[in-house]
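Every number here is computed from the coordinates shown, using simple stated rules; none is lab data. If you're wondering where the values come from, they're calculated on a predicted model, not measured in any experiment. With ideal geometry, Cβ positions are generated from the backbone for all residues, glycine too; neighbour counts draw on all protein chains shown.
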Amino acid sequence: MINADGRRFVDEGADLRNKTYAKYGRVILAQPGQFAWQVFDAKVAHLLRPEFYRRREVTKATGNTLEELAARLEGVNPERFLDTVRDFNAAVQQSVPFNPTTKDGRGTTGLTMPKSNWANTLDEAPYEAFAVTCGVSFTFGGVHVDDTGQVIDSDGHEMPGLWACGEMAGGLFYFNYPGGTGLTWGSVLGRIAGSAAGSHGSDARM
């Protein structure tokens, strides 16, 4: 990933996608202009998921040379981009086999911003780049709840008759979000909170 300065700014290979996409959005927001370009060459084009990368709505640039691509990356310093790619290509540990299905240890050496896994040289045309920014899955915030999902007020007291679950309940996520765990949080705490609320309603009727 390249920012407006034409520089890499994050370890793109730190972990699998489901463990990084939320926190990488936050990092992109800290970049100039709050955008980045993801850059690929022909060696890995077949690995791009069509539901994300082959839609008409994407903002995409292509080039038969890196220089051609650089000129088409809107908002990016083209000379620095080419310098970044040159340094990155020279740093790839090509003796380590590439394996996109696991953390393969194929990283870089000697770069200020390393890439820990899945490092591949950008050297096979055509080249593709996709503009990305941050989106909101959910806020990572919500009301304070106890272990039954009952809402706790600012004085630390239970609020009678009020429960919350899922994205309405805070206190689980902050710096990152592993994909799918929000659904688990909602279903597990939802069942607990629903049971507690149902019992409260039964008690009230009695």
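Averaging the sequence gap over all C-alpha pairs within less than 8 Å and six or more residues apart, then dividing by the number of residues, gives the chain a relative contact order of 24 percent.
Net length available on complete extension from residue 181 to residue 67 is 36.9 nm, with 0.36 nm assigned per residue and the Cα-Cα distance removed.
Filter 23/60; 43/103; 60/115; 23/103 down to the pairs with a C-alpha to C-alpha distance above 21 Å, please. Table pairs above 21 Å Cα-Cα are 23/60; 60/115.
3J(HN,Hα) along segment 192-200: 4, 5, x, 5, 5, 5, x, 5, 4 Hz, from the Karplus curve 6.51 cos²θ - 1.76 cosθ + 1.60 with θ = phi - 60°, whole Hz, x for Gly and Pro.
Considering only 171, 97, 148, and ranking their Cα positions along the charge dipole of segment 88-206 that arises from unit charges at the beta-carbon of Lys, Arg, Asp and Glu, the one farthest toward the positive end is 97.
Neighbour counts of other Cβ atoms within 10 Å put 28, 2 in the fewest-to-most order 28, 2. For the chain, a crude dipole built from +1 on the beta carbon of Lys and Arg and -1 on the beta carbon of Asp and Glu, taken about the Cα centre, is about 480 debye to the nearest 20. Couplings for segment 8-17, taken from phi via the Karplus curve 6.51 cos²θ - 1.76 cosθ + 1.60 with θ = phi - 60°, read 6, 9, 8, 6, 5, x, 5, 6, 5, 3 Hz in order; Gly and Pro are left as x. Across all Cα atoms of the chain, the radius of gyration (one decimal) and Dmax (whole number) stand at 22.7, 77 Å.
Ranking of 81, 9 by neighbouring Cβ atoms within 10 Å, starting from the fewest: 9, 81.
Treat every Asp and Glu Cβ in segment 5-109 as -1 and every Lys and Arg Cβ as +1, leave all other atoms uncharged, and give the resulting dipole magnitude about the Cα centre to the nearest 20 debye.
Computed charge dipole of segment 5-109: roughly 460 debye.
A straight chain from residue 87 to residue 162 at 0.36 nm per residue would run longer than the Cα-Cα distance by 21.3 nm. Taking the Cα atoms of segment 12-129, the ratio Rg/Rh between the radius of gyration and the Kirkwood radius comes to 0.93. Calculated on the alpha-carbon coordinates, the convex hull of segment 63-172 measures out at 194 cubic angstrom per residue.
The alpha carbons of segment 150-205 occupy a box of 41, 26, 10 Å along the principal axes, longest dimension given first.
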